[in-house]
Amino acid sequence: MSVLAQKRTVSKAEFVNTANKIYVETLNFLTRLSARYSRLIAEPVAKLAGEIIDHSEKANSIFPSDAQRVELRKAHLLEARASLMALDVRLTHCYLIMNENPEGCFTTSKGKSVGSKDAMEKLDKMAQSLGELIDQENELLKGQIKSTGQRLKS
């Protein structure tokens, strides 16, 4: 039986789903880098996005039943958030690099470069979408860290 839309709440494990969305969108964003930059930038940025997933999954798999597990879960949540903040900075650098030559980031289905104006719009939309996901994940992780810390007190 499904829940009415107005009665739905955010799942307590939504931070894991959002981490997966960030990873997919980050890879999509990184594939827009030219070959000369992708060799230098893409791997460490993708690794940060992967760390968010890894630590989120690890934290989610630990049921905080005692003080040690609470601390371990909280540590993974903090690591996920730290990787998220580092990813945000790295993606800003990628955006600035792509902004230098936006038409080189996109091609049509026939392999021709997209014009500068259209490429800027696409690049801005991609960056905006990824930025919103990062902000959402940050809030979700902060909420999880807070609620996990409260478990230790009670």
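The values are calculated or read from the model by the stated rules, or taken from the named source; none is laboratory data. This structure is a prediction, so every number in the text was calculated from the model and none was measured. Virtual Cβ from ideal backbone geometry, glycine too; neighbours counted across all protein chains shown. Areas reflect the complete protein model, heavy atoms only, side chains present, ligands, DNA and RNA absent. Shrake-Rupley method; radii C 1.70, N 1.55, O 1.52, S 1.80 Å.
When the accessible area of the chain is split by element with a 1.4 Å probe, what percent falls to carbon and sulfur?
Working: 5030 of 9700 Å².
The computed percentage sits at 52.
In degrees, nearest 10, range 0 to 90: what is the angle between the Cα axis of helix 116-153 and the longest Cα principal axis of the chain?
Helix 116-153 sits at roughly 10 degrees to that axis.
Counting trypsin sites (Lys or Arg not before Pro) as exposed when in a DSSP loop with at most 14 other beta carbons within 10 Å, what is the longest stretch of the chain free of them? Spell out each step's value before the answer.
Numbers: sites that count: Arg8, Lys12, Lys110, Lys112.
Here the longest segment lacking exposed loop sites spans 13-109.
Please say if the chain is rounded, prolate or oblate, where rounded means a/c under 1.5 for a ≥ b ≥ c the square roots of the C-alpha gyration tensor eigenvalues, and otherwise the choice is prolate for a/b larger than b/c and oblate otherwise? Working shown, then result.
Values: a/c = 3.13, a/b = 1.96, b/c = 1.60.
Because a/c hits 1.5 or more and a/b exceeds b/c, the chain counts as prolate.
Is there a pair in Lys21/Lys110; Lys58/Lys122; Lys21/Lys117; Lys12/Lys110 whose C-alpha atoms are over 32 Å apart, and which pairs would that be? Intermediate results must be reported in sequence, preceding the final value.
Details: Lys21/Lys110 28 Å; Lys58/Lys122 34 Å; Lys21/Lys117 27 Å; Lys12/Lys110 44 Å.
As for pairs spanning more than 32 Å Cα to Cα, those are Lys58/Lys122; Lys12/Lys110.
Using only the alpha-carbon atoms, how far is helix 14-30 inclined from the longest principal axis of the chain? Give it as 0 to 90 degrees, nearest 10.
20
Quick one: check the C-alpha center-to-center distance for segment 121-154 versus segment 52-86, whole angstrom.
Segment 121-154 and segment 52-86 have Cα centres separated by 14 Å.
Can you give the calculated 222 nm mean residue ellipticity of the chain, where each DSSP H run of n ≥ 4 adds -39,500 (n - 2.57) and the sum is split over every residue, rounded to the nearest 500 deg cm²/dmol?
-27000 deg cm²/dmol
Angle between the Cα long axis of helix 67-100 and the longest principal axis of the chain, 0 to 90 degrees, nearest 10?
So the helix axis and the longest Cα principal axis differ by about 10 degrees.
For the chain, what is the accessible area per residue in Å², given a 1.4 Å probe and the full set of protein chains?
On the way: 9700 Å² over 154 residues.
Result: 63 Å² per residue.
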